[in-house]
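Below: one structure, written as structure tokens.
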Amino acid sequence: MKNKKMNIETTTLSTVPENERKSWVDVAFIQAGVYICVPSLMLGGLLVDGMGLANAIIAGTIGYLLSGLIMSLVGVIGVDLGRPTAVIAKSSFGTVGARVLVSALFAISQFGWFAVQNVVCGEAFSTMMNGMLGINFPITISTAIWGIIMLSTAVQGIDGLKWLNTICVPLLFIVFVVGMIMAINKFGTANMEDPATGDPMTMIDGIFLTLSFLACGMTVAPDVTRYQKTRGGVYASSFIGLCPAGIILLIVGAVLTKITGEYDISLVLLQAGIPTLGLIVLILATWTTNTNNAYCAGISTIMLLNLKDNKRAVATAVCGVIGTILAMLGFDKMMGTFVEMLGVFFFPVAGIMLVDYWIIRKGNVKNWKFVNSVNLAGIIAWVVGCIVTYFAIYGLMVGFFVSALVYFVIYKAMNIDKKEVSEND
């Protein structure tokens, strides 16, 4: 449902009506816009520093393809139920567990991503204002201004995401590829075959780093895929939206890092003598990603605080303000730890949700039920999965499967199905 007068989305936790569903192309543009950002370039830079160009591209590609598969399987639950991730989690964590644990986890992660993206934009804008016009523009003020601007489309809702990404994504693809070609022409390719210069990274390490980077997006996929019309549309939008955008940005970041020592294309374009283009690209890339961050944070906050659906716009605005404050306080300095912990906390959630819907519920929306309190199987499995993910060798995948297995075993052993109710009960 929408506020007709303001054209602001008000469908938050309730089922998305059929007449408001979008085409898979619309959703694919939204998914692509999320991953066309500076952190995606940074991922390419991190991989190439640890394993060389060829291996970085192979590891990143495998990571993105695996992520596309997991995102699709989670996203299908969204289209089946027409509900966001925070609501879907009720079946595997219970009503209280989903609201208190899962919604809080999702909201905090989106605050963090909004902060990381916001400070990247604020710092670049201040740097370029100084370099182009000689104006000493404070980074904190720049960060605050751009945080507010980027919130404008997030507050509008799904249509704001759709139109922003439909316009920006094709332009950004062209500029990123052209920018890489310009950098190659200017700086040459002499350094392309140089060995890795950072801490050594194996192929498995590279794949898991990519999966950690994408962990949050995979798990909250239903926040957007609930607007799809069919399951097939989810697979199409997930793979076509996520993989080409992510892999191309990863390659651009890796190549730029090799030939210029800098993954940030806006700074490369500055060195190439076209700073204005660099600034525009950076702002649009950050905008398309941060709109989604604030939007998803708003949905989780509605669930967490038990607010009404029509408060989503206000919740989204508040989440964006919190993210902007975190950015102004220097949250980006914690980027490495933040990405690592996202993998630790989110992969067990994804594993639990997948085994709950696809194995226990047999992928049938008619079997979707939940405990009207806490589903102990989900909580215990999540804690075990987080511990295993953090401490085990190759813990990301091990924790993913362990959490799923523990959930299944405890669910059956405790006969939790006998305690569940449907929404109509």
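If the condition is being in contact with a Leu (Cβ under 6 Å, 6 or more places away or on another chain) and under 12 Å from residue 279 (Cβ atoms), then the stretch 118-165 contributes 124, 128.
Give the stretch 184-214 a look and list any residue that's of a type in the set (Val, Ile, Thr) and buried (at least 23 other Cβ atoms within 10 Å of the Cβ), or say none. Outline the logic, then answer.
In the first step, residues of the stretch 184-214 are kept if they are of a type in the set (Val, Ile, Thr); the result is 184, 189, 197, 202, 204, 207, 210.
Within the stretch 184-214, 207, 210 meet the criteria.
Being among the hydroxyl-bearing types (Ser, Thr, Tyr) and crowded, with 20+ Cβ neighbours inside 10 Å is true for just one of 85, 61. Which residue is that? Just a single option satisfies the conditions, and that option is 85.
On inspection, residue 8 fails the criterion of being modelled with pLDDT of 90 or more and among the β-branched types (Val, Ile, Thr).
Suppose we filter the stretch 388-403 for residues that are part of a helix (DSSP H, G or I) and open to solvent by less than 90 Å² (accessible area, probe 1.4 Å); how many remain? Break it down stepwise before answering.
Taking the stretch 388-403 as the starting set, the residues that turn out to be part of a helix (DSSP H, G or I) are 388-391, 395-403.
From what's left, open to solvent by less than 90 Å² (accessible area, probe 1.4 Å): 388-389, 395-400, 402-403.
Total meeting the criteria: 10.
From 142, 152, grab the single residue that is touching a helix residue (DSSP H, G or I) at 6+ places or on another chain (Cβ under 7 Å), without any contact (Cβ under 8 Å) to a residue 60 or more places away in the chain and either among the β-branched types (Val, Ile, Thr) or part of a helix (DSSP H, G or I) (or both). Talk me through it step by step, then tell me what you get.
On the way: 152 fails: touching a helix residue (DSSP H, G or I) at 6+ places or on another chain (Cβ under 7 Å).
The match here is 142.
Each residue in the stretch 346-364 was checked for being open to solvent by 10 Å² or more (accessible area, probe 1.4 Å) and in contact with a Gly (Cβ under 9 Å, 6 or more places away or on another chain), and 0 of them qualify.
Of the helices (runs of 4 or more DSSP H) lying entirely inside the stretch 271-377, not one carries at least 2 residues that are on the phi > 0 side of the Ramachandran plot. Given the condition under 25 Å from residue 240 (Cα atoms) and polar (S, T, N, Q), answer yes or no: does some residue in the stretch 66-80 qualify? Within the stretch 66-80, one or more residues are under 25 Å from residue 240 (Cα atoms) and polar (S, T, N, Q).
So which residues in the stretch 102-119 are hydrophobic (A, V, I, L, M, F, W, C) and in contact (Cβ under 8 Å) with a residue 60 or more places away in the chain, if there are any at all? Steps first, answer last, please.
Restricting attention to the stretch 102-119, the residues satisfying the condition of being hydrophobic (A, V, I, L, M, F, W, C) are 102, 104-108, 111, 113-116, 119.
Residues satisfying the conditions are 102, 104, 105, 106, 107, 111, 113, 114, 115, 116, 119.
Considering only residues in the stretch 316-331 that are of a type outside the set (A, V, I, L, M, F, W, C) and surrounded by 20 or more Cβ atoms within 10 Å (Cβ to Cβ), the one that is nearest to residue 119 (Cα to Cα) turns out to be 324.
Between 217, 233, 253, the distinction of being within 24 Å of residue 23 (Cα to Cα), part of a helix (DSSP H, G or I) and either open to solvent by 20 Å² or more (accessible area, probe 1.4 Å) or at pLDDT below 90 (or both) belongs to 217 only. If you filter the stretch 365-375 down to residues that are closer than 17 Å to residue 74 by Cα and among the hydrophobic types (A, V, I, L, M, F, W, C), you find that the one that is surrounded by the fewest Cβ atoms within 10 Å (Cβ to Cβ) is 365.
Residues that are open to solvent by less than 20 Å² (accessible area, probe 1.4 Å) and farther than 19 Å from residue 295 by Cα within the stretch 112-159 comprise 122, 124, 126, 128, 142, listed in sequence order. So is residue 38 among the aliphatic types (A, V, I, L, M) and under 15 Å from the mean Cα position of the chain (by Cα) or not? So residue 38 fits the description; yes.
The values are calculated or read from the model by the stated rules, or taken from the named source; none is laboratory data. Predicted, not measured: the structure shown is a model, and the values here were computed from it. Virtual Cβ from ideal backbone geometry, glycine too; neighbours counted across all protein chains shown. Heavy atoms of the whole protein, side chains included, go into the accessibility calculation; ligands, DNA and RNA do not. Shrake-Rupley method; radii C 1.70, N 1.55, O 1.52, S 1.80 Å.
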